[in-house]
Amino acid sequence: MGVLSAVSAWIERRQQIRRLFQDDARQLIERDPITAYYDAQRAAARARFAGDGQGFLHWAKVAAEVARISNAPMNYEIVESIVDEEERRARLSLE
């Protein structure tokens, strides 16, 4: 495997990952355009508190993509409350 094929494979993998989070963002927007951003933030928070680093990064990218392509409201205070709620839920599940 030469350098060119290695770079080509890496680019293809990055494109696959990008398509995956773009598809998830579109699905959330189709399901409910008003809450799509918050749904992605909630999924990111759940992944974060579950210790799923890859899941967290995926859903954070989905949230960013929703923000980029959607006209949905994005209120940081609501995001903070979602994260607080998910953190409480994670703590309760550990007890």
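On average, how much area does the Cα convex hull of region 1-78 cover when viewed from any direction, in nm²? Before the final figure, lay out each step's value.
On the way: hull surface 24.9 nm².
Spelled out: convex hull of the Cα atoms, projected over all directions, averaged, 6.2 nm².
Cα axis of helix 36-49 to longest principal axis of the chain: angle in degrees, 0 to 90, nearest 10?
Relative to the chain, helix 36-49 is tipped by roughly 90 degrees.
Hey, if you put +1 on the Cβ of every Lys and Arg and -1 on every Asp and Glu Cβ in the chain, which of 83, 58, 28 ends up farthest toward the positive end of that dipole?
58
Specify the angular offset, from 0 to 90 degrees and rounded to the nearest 10, of the alpha carbon long axis of helix 76-94 from the longest principal axis of the alpha carbons in the chain.
Between helix and principal axis, roughly 90 degrees.
Kindly put 70, 5 in sequence by how many other C-beta atoms sit within 10 Å of each C-beta, fewest to most. Write down the numbers at each step before the final one.
On the way: 70 17, 5 9.
Exposure proxy ranking, most exposed first: 5, 70.
Starting from the 7 Å offset along Cα-to-Cβ, what nm value, one decimal, do you get for the label separation of residue 7 and residue 80?
The two pseudo-label positions are separated by 4.6 nm.
No value in this document is a laboratory result; all are computed from the given coordinates. Please read all numbers here as calculations on a predicted model, not as lab measurements. All Cβ positions, even for glycine, are placed from backbone atoms using ideal geometry, and neighbour counts span all protein chains on display.
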